[in-house]
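Encoded as structure tokens, the structure appears first; notes follow it.
The values are calculated or read from the model by the stated rules, or taken from the named source; none is laboratory data. Computed from a predicted structure; not experimentally measured. Cβ placement follows ideal geometry from the backbone for every residue including glycine, while neighbour counts extend to all protein chains displayed. Heavy atoms of the whole protein, side chains included, go into the accessibility calculation; ligands, DNA and RNA do not. Shrake-Rupley method; radii C 1.70, N 1.55, O 1.52, S 1.80 Å.
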Amino acid sequence: MKKLAILFLAMLPLFSIAKNDKKDNSNPKYLEGAITLTDGKVTFSEEIKAPDMSKSELYNSMLKWAKNRFSSENTINSRVVYTNEEKGEIVGSGEEYIVFSSSALSLDRTRIYYYFLIEVEDGKCELNMSRIKYLYDENRDGGERYTAEEWITDDMALNKKKTKLAPICGKFRRETIDLKDDLFKSAKDFLGNKAIDNTSDNNTNQTKHGNKVNAEVKENTLSSTGQLRSVNINQIPDNINEIASKGRITITSGEEEIDVNVESWGGFGKLFNKDVAYTLVDKSRMAISMIMEHSNTYKVSVYMPNQTKPYIVIDCKKTMSQKLSSEEIKSINPKLDINKEFTMYIGEVTSIQMR
């Protein structure tokens, strides 16, 4: 029996993700309203707002993501089937396994087929998952074929009171919603991860060239008196965190200025060939979180110790935001508490002033 179990496990497909079927079937995430219909067809949609990114920038980034996600290396037989840069359209054809449960002697899974449409224009990207079909129990008499419209809608996949998932159709509905969430999150994270990579690279470069920068601006960094004057990003001292740790950092939007921890400063970097600044905000800080969510522009100010006027003022235009995982938090700043929830805001640097 042990040999049989080992042989069976070895035969499991490489591109299946095993699921534990013991899930909360009353989770509101999967209940009434979770499935949306467009012209009678099950369609999932989400918009990514990137107000400072051009159509070309978004198209090239999402095409790179799509080619990686919809490839035979990651799935059974997925591929990018259509691209049109002029219209800003990319279509991926998905075919992969969803595994409901598995053990040494049993495997409950289905193939899922779907189309994933990406439409981009200046400042935003629309994601659409549609034309969803299933091939279930394919090893028995050719399997059973279903469409999402006849299998995972409220009437089929929920109980009469719509308080729980139905026993059979419900698992298809649940895992399809999870797959949709994973796809949308992966697309959004791809843009954010590029920003994180830029942050790490920039911090390394600042360390390598810090002495040169300090030598160039030394006479300008010893005092926070005088008038603010415009400078370029290369004139910012690389010990900005050290200065802030002895003084303070604030974020200003409109007339409201709020102190933040020095660890919230993520540094400078490049995103789509533009200078950007990274700011990390603790979600439990409600006031600053609200400001950052609802503001298109903001200022990051650095104060030297015992000074009431800012030493450096960085004007930013919010480009995008990303919720960070614990691994991403550690990669950016090991001093941050990974048990807290952080959002990274990326802002194009529109001007820098320094005393």
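Here ASN159 meets each of (1) open to solvent by 40 Å² or more (accessible area, probe 1.4 Å); (2) among the polar types (S, T, N, Q); (3) at pLDDT below 85 with one exception, condition (3).
Count of region 157-179 residues, restricted to those that are under 10 Å from ILE35 (Cβ atoms) and not β-branched (Val, Ile, Thr), is 3.
Scanning region 38-77 for residues that are under 20 Å from VAL276 (Cα atoms) and either open to solvent by 30 Å² or more (accessible area, probe 1.4 Å) or part of a strand (DSSP E or B) (or both) gives ILE48, LYS49, PRO51, SER54, LYS55, SER56, GLU57, ASN60.
In the set (1) buried (at least 16 other Cβ atoms within 10 Å of the Cβ); (2) without any contact (Cβ under 8 Å) to a residue 60 or more places away in the chain; (3) outside any strand (DSSP E or B), the condition left unmet by LEU336 is number (2). Reported count of residues in region 69-98, each being in contact (Cβ under 8 Å) with a residue 24 or more places away in the chain and of a type in the set (Ser, Thr, Tyr), is 2. Counting the residues of region 301-320 that are at negative phi, open to solvent by 20 Å² or more (accessible area, probe 1.4 Å) and free of Cβ contacts under 8 Å to residues at least 60 places away in the same chain gives 3. In summary, LEU127 fulfils each of the numbered conditions (1) open to solvent by 10 Å² or more (accessible area, probe 1.4 Å); (2) touching a residue at least 12 places away in the same chain (Cβ under 8 Å); (3) closer than 30 Å to ASN296 by Cα with the single exception of condition (1).
Within region 314-333, the set of residues being basic (Lys, Arg) and in a helix (DSSP H, G or I) comprises just one member, LYS330. Listed by position, the strands (runs of 3 or more DSSP E) contained in region 249-313 that have at least 1 residues being modelled with pLDDT under 85 are 256-260, 265-271, 274-282.
Could you please find all residues in region 79-136 being of a type in the set (D, E, K, R) and in a loop (DSSP other than H, G, I, E, B)? The answer is GLU85, GLU86, LYS87, ASP122. Here is a check on your reading of the model: is LYS283 open to solvent by 60 Å² or more (accessible area, probe 1.4 Å), in contact (Cβ under 8 Å) with a residue 24 or more places away in the chain, in contact with an Asp or Glu (Cβ under 6 Å, 6 or more places away or on another chain) and more than 18 Å from GLN353 (Cα to Cα)? Criteria met by LYS283.
Scan ILE118, ILE112 and give me the residue that is in contact with a helix residue (DSSP H, G or I) (Cβ under 6 Å, 6 or more places away or on another chain), of a type in the set (A, V, I, L, M) and open to solvent by less than 20 Å² (accessible area, probe 1.4 Å). Criteria check complete, one pass: ILE118. If you go through region 224-239 and pick out every residue that is modelled with pLDDT of 80 or more and open to solvent by less than 70 Å² (accessible area, probe 1.4 Å), you end up with 6.
Looking across region 229-248, the residues that are not in a loop (DSSP other than H, G, I, E, B) and not β-branched (Val, Ile, Thr) come down to ARG229, SER230, ASN234, GLN235, ASN241, GLU242, ALA244, SER245, LYS246, ARG248.
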